[in-house]
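Below: the structure, in structure tokens.
The values are calculated or read from the model by the stated rules, or taken from the named source; none is laboratory data. Quick caveat, the model's predicted, so the values are computed rather than measured. Here the Cβ positions follow ideal geometry from the backbone for every residue, glycine too, while neighbour counts run over all protein chains shown. With ligands, DNA and RNA removed, areas are computed over all heavy atoms of the protein, side chains included. Shrake-Rupley method; radii C 1.70, N 1.55, O 1.52, S 1.80 Å.
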Amino acid sequence: MVCLGNICRSPLAEGILRQKIEEKEIDNVFVDSCGTSDYHIGQTPDKRTQDNAIKHGTDLSNLRGRQFAQSDFDSFDKIFVMDSSNKEDVLALARNNEDKNKVELLLNITHPNNNLGVPDPYFGGANGFEDVYILVDAACEKLSDSLR
Ligand code: 4NP
């Protein structure tokens, strides 16, 4: 799961997907998240993201910011990006078509071919965090079912 800062959208997607995988007892899936930028390396998720997530029972406090690296193409089968800007940044590091084919917008899971982005809540109001939760939760629900 990849966004810009790895403190709002992608750690939420990581936390939600991990939780669903555990609840549905799906084995052999490794989930991680990171940011395309180096702005928040080592930091915990944004307090507003954490506060909203915990209302839904999703605890993100153990997660720490990390930057996307080219080696992630070797470590992961799928790379879900939150918006088209994240997608461009990740694709810029792709070495070949195999790398490129791993990259997909997260919301294309729930809105196939619409190429919608998860809106960045960082500079907005509190409602943005709940809007993001709803979008990401629906995508992770469908994604986790496909991993069964
Ligand atoms: P995220 O949100 O990409 O969903 O983690 C952001 C977090 C930090 C910044 C931008 C977006 N920033 O500019 O520091």
Cβ pairs under 8 Å, 6+ apart or interchain, first in the stretch 81-97 and within 14 Å of the ligand (Cβ to nearest atom), second among the basic types (Lys, Arg) and open to solvent by 30 Å² or more (accessible area, probe 1.4 Å), ordered by first then second residue, are Val81/Lys87
Name the pairs: first residue in the stretch 12-27 and at pLDDT 95 or above and in a loop (DSSP other than H, G, I, E, B), second residue surrounded by fewer than 24 Cβ atoms within 10 Å (Cβ to Cβ) and of a type in the set (A, V, I, L, M, F, W, C), Cβ to Cβ under 6 Å, at least 6 apart or on different chains?
-> Ile26/Leu147
Subset of the stretch 19-30 that is more than 22 Å from Glu130 (Cα to Cα) and of a type in the set (A, V, I, L, M, F, W, C) - its residue that is most open to solvent (accessible area, probe 1.4 Å) | Phe30
Among the numbered conditions (1) open to solvent by less than 20 Å² (accessible area, probe 1.4 Å); (2) in contact (Cβ under 8 Å) with a residue 40 or more places away in the chain; (3) within 14 Å of the ligand (Cβ to nearest atom), tell me where Thr36 comes up short.
-> (1)
Identify, by number, the condition in (1) free of Cβ contacts under 8 Å to residues at least 40 places away in the same chain; (2) closer than 24 Å to Asp137 by Cα; (3) assigned to a loop (DSSP other than H, G, I, E, B) that Ile54 doesn't meet.
-> (3)
